[in-house]
Amino acid sequence: MKSSVSLLVNKDYLNIYHSWKPEGWEDCSQTCNGGNRTREIKCMQVAADGIEYDVDPRLCSDPKPSMVEACNNVPCPSEWVAQPFGQVGVWLISKHFVSSWSK
């Protein structure tokens, strides 16, 4: 008589998948006039019990989310700059223009 062995496997336990997990954004490289901010993105293996493991990025088949994005795209405000005492005129300095007013 020939015997056979059956192995029962909990399929939910083997339900392992891989997904991209982005970390938080770093600070913007500029406060105005546009800059960039970056973040780290890891490929994670998530087991059915919820435990996550950092794995080889080649295991994640979905498109990888962006690691860089634009930030602080507002123009820098103009600022008044004091000149040495005795000089006639006031200068308004901006990254985009320089203008002078004198009496």
For region 17-75, alpha-carbon Rg and Dmax in angstrom: 14.9, 49
Which of ARG37, ARG58 has the fewest Cβ neighbours within 10 Å, and the rest in rising order: ARG58, ARG37
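Laboratory data are not the source of any read-out in this text; all were calculated from the coordinates shown. None of the values given here were measured: they were computed from a predicted structure. We place every Cβ from the backbone using ideal geometry, glycine too, and count neighbours over all the protein chains shown.
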